[in-house]
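A short worksheet on the structure shown next.
The values are calculated or read from the model by the stated rules, or taken from the named source; none is laboratory data. In this text the structure is predicted, and so the values were computed from the model without any measurement. With ideal geometry, Cβ positions are generated from the backbone for all residues, glycine too; neighbour counts draw on all protein chains shown. Please note that ligands, DNA and RNA were not included when accessible areas were found on the heavy atoms of the full protein model with its side chains. Shrake-Rupley method; radii C 1.70, N 1.55, O 1.52, S 1.80 Å.
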Amino acid sequence: MINVAIVEDNDTIREGLSVLINGTTGYNCVGTFGNCETFLTSLKNIKADVILMDIALPGMDGIEGVRKAIEINSKLDILMLTIYEDSEKVFDALCAGACGYLVKKTPPSKLLEAIKEVYEGGSPMSSMIARQVISAFKHGKESETNEAEYKLSDKEKKVLTLLSEGNNYQRIADQLFISVDTVRHHIKNIYKKLHVHSQSEAVAKAIRKKII
């Protein structure tokens, strides 16, 4: 069972997402919230595997909401909701620690697939957003480079590269001819060596430090 919480200020969209999730076998909506403040207050009391987070919210926006939510629970998987595929705000949200994004016009079946992909370790992200992330760091938001400092193994670099391309754990395992558990082990080591807590943080830091 994948437990999902929704943070969305539009009543119709929020209720529609809740009905979709609760009406699908294997999915369960554990909470719906119209703003980040209420969500953050309730976060410790809900058992959510995946959070669907709008970006444009009243009061605290979704980007700041991601930062604060991850401070409370670094293991949260958060998917952003947006109407723009090439929004700079989506890029900022990914750097804040979100796992990926969904456009609000995403068909229900694709939305459910994306939630499952995140739950299984993937990072749904369009090629346009991926290019934004890579381009921004290539052009030097921070130009630090000291690959040796982090001591990633060749296999860990390959796993990280495949992560940056949007592959989930199973696809990485298949491409590297290793088990999913081994992929998880490598990713755990990558997080520890890079001092990060999410896939998007790991990918962003690896690009910034020119590790991949």
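Let me know the Kirkwood hydrodynamic radius for the range 1-107, please, with Cα pairs as the basis and the value in Å to one decimal.
13.5
Per residue of the range 45-56, what does 6.51 cos²θ - 1.76 cosθ + 1.60 with θ = phi - 60° give for ³J(HN,Hα)? Whole Hz please, x for Gly and Pro, Karplus curve as stated.
Using θ = phi - 60°, the values come out as 9, 10, 9, 9, 8, 9, 10, 9, 10, 5, 8, 7 Hz.
To the nearest 20 Debye, how big is the dipole of the chain about its Cα centre, given +1 on the beta carbon of each Lys and Arg and -1 on that of each Asp and Glu?
That gives the chain a dipole magnitude of about 720 debye.
Report, to the nearest whole %, how much of the accessible area of the chain belongs to carbon and sulfur atoms, 1.4 Å probe, protein only.
Of the solvent-accessible surface of the chain, carbon and sulfur hold 50 percent.
Can you give the accessible area per residue of the chain, in Å², using a 1.4 Å probe?
50
Output ³J(HN,Hα) for the range 20-28: one whole-Hz value per residue in order, computed from phi by the Karplus curve 6.51 cos²θ - 1.76 cosθ + 1.60 with θ = phi - 60°, and x for Gly and Pro.
Whole-Hz 3J(HN,Hα) from phi for the range 20-28: 4, 5, 5, x, 10, 4, x, 10, 8.
For the range 167-180, take each phi angle, set θ = phi - 60°, evaluate the Karplus expression 6.51 cos²θ - 1.76 cosθ + 1.60, and give the result in whole Hz per residue in order, putting x for glycine and proline.
Result, ordered by residue: 6, 8, 4, 5, 5, 5, 4, 5, 6, 9, 6, 10, 7, 4 Hz.
Using only the alpha carbon atoms of the chain, find the Kirkwood hydrodynamic radius as the inverse mean reciprocal pair distance, in angstroms to one decimal.
17.5
Gain in length, Lys193 to Asp181, computed as 0.36 nm per residue apart minus the alpha-carbon separation, to one decimal in nm?
2.5 nm
Using only the Cα atoms of the range 166-211, build the gyration tensor, take square roots of its eigenvalues as a ≥ b ≥ c, and label the shape rounded, prolate or oblate: rounded if a/c is under 1.5, else prolate if a/b is larger than b/c, else oblate.
Prolate is the answer for the range 166-211, as a/c is 1.5 or above and a/b outweighs b/c.
Using DSSP to call loops (not H, G, I, E or B), can you name the trypsin sites (Lys or Arg not before Pro) in the range 1-52 whose Cβ has at most 16 other Cβ atoms within 10 angstrom?
In loop regions of the range 1-52 (DSSP not H, G, I, E or B), the sparsely surrounded trypsin sites (Lys or Arg not before Pro) are Lys47.
Tell me which residues come under 5 Å, amide H to amide H, from Cys29 once H is placed; ignore anything under 5 positions away on its chain.
Correct list: Val4, Asn22.
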